[in-house]
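Chemist: Take a look at this one; I'll ask things after.
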C-alpha cells in the first residue's frame, strides 16, 4: 500500500513580467495543502507574485529525445470537447535547477493534441522538453494585491540572523582538543 500523498508540481512566477516556471514538487493531500506547502518551500525568501500547483499525474511530458525516437502522439479518436491546456517548455540545460517555462495556453481535445499544436505554434526557441497541463487541474494563488502581499512579500520586520550569529560549537571546541601526543588515561 502506498502511504505517500500525491505529488504536485509547483510553478512559481517571480515578477509579473516573467513566466511561471516549474521549480520543483511537493507531496500534499489536496490542492490547497499543496499550494500552502509550495509557498513555504519555494517562496519563503525569494521573490514571487504567483504560484500554481498541478498533480504530477495530470501532466503530459515529452523530451526532445522521445520525439526523435518516434514517440507517437496519438490524436484523440473521440469527438471530445476542446479544453484549455497550459504549455511549458524547457530550452536550456545551463541552469542549476530544471526550469520549464510557461509559454502559453491552447485549446485542444486532448493533451496529445495540445502538445502537437504547441510544437507547431511555439517555435521561437528549440525545446528540450515539453509539458502540457490541463488548466482544469491547476490550482492558483489569488491575484489580489492583498493576497500577493500576505503570501509573497518579504518579512522586512522579521529579525533574521545568519547562522554565524549564534556561534559554532566547533569554535569553542578548539580549546578542548587534545594535541598529538596526549596520553589516554
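Chemist: For region 10-47, how many residues meet the condition of being at pLDDT below 90 and buried (at least 20 other Cβ atoms within 10 Å of the Cβ)?
Modeler: So the answer is 1.
Chemist: Then there's this: Would region 63-79 turn up any residue that is closer than 30 Å to residue 147 by Cα and modelled with pLDDT of 90 or more?
Modeler: So far as region 63-79 goes, no, none of its residues is closer than 30 Å to residue 147 by Cα and modelled with pLDDT of 90 or more.
Chemist: Could you grab the pairs with beta carbons closer than 8 Å, sequence gap of 6+ or different chains, first residue in region 62-91 and on the phi < 0 side of the Ramachandran plot and in a helix (DSSP H, G or I), second one surrounded by 10 or more Cβ atoms within 10 Å (Cβ to Cβ) and modelled with pLDDT of 90 or more?
Modeler: These pairs meet every condition: 64/127; 64/128; 64/129; 67/119.
Chemist: Given the conditions (1) touching a helix residue (DSSP H, G or I) at 6+ places or on another chain (Cβ under 6 Å); (2) surrounded by 14 or more Cβ atoms within 10 Å (Cβ to Cβ); (3) modelled with pLDDT under 90, report the number of the one that residue 85 does not fulfil.
Modeler: (3)
Chemist: Which residue is nearest to residue 14 (Cα to Cα), if the candidates are limited to region 138-153 and must be in contact with a helix residue (DSSP H, G or I) (Cβ under 7 Å, 6 or more places away or on another chain) and surrounded by fewer than 19 Cβ atoms within 10 Å (Cβ to Cβ)?
Modeler: Among residues in region 138-153 that are in contact with a helix residue (DSSP H, G or I) (Cβ under 7 Å, 6 or more places away or on another chain) and surrounded by fewer than 19 Cβ atoms within 10 Å (Cβ to Cβ), the one nearest to residue 14 (Cα to Cα) is 151.
Chemist: Could you list, in sequence order, all residues of region 32-46 that are part of a loop (DSSP other than H, G, I, E, B) and either closer than 13 Å to residue 22 by Cβ or in contact with a helix residue (DSSP H, G or I) (Cβ under 7 Å, 6 or more places away or on another chain) (or both)?
Modeler: Result: 43, single match.
Chemist: Quick one: in region 105-134, which of the residues that are surrounded by fewer than 16 Cβ atoms within 10 Å (Cβ to Cβ) and more than 17 Å from residue 91 (Cβ to Cβ) is farthest from the chain's Cα centre (by Cα)?
Modeler: Going through the qualifying residues, I end up with 107.
The values are calculated or read from the model by the stated rules, or taken from the named source; none is laboratory data. Bear in mind that the values here come from a model prediction, so they are computed numbers and not experimental data. Every residue, glycine as well, gets a Cβ built from its backbone with ideal geometry; the counts of neighbours run over all protein chains shown.
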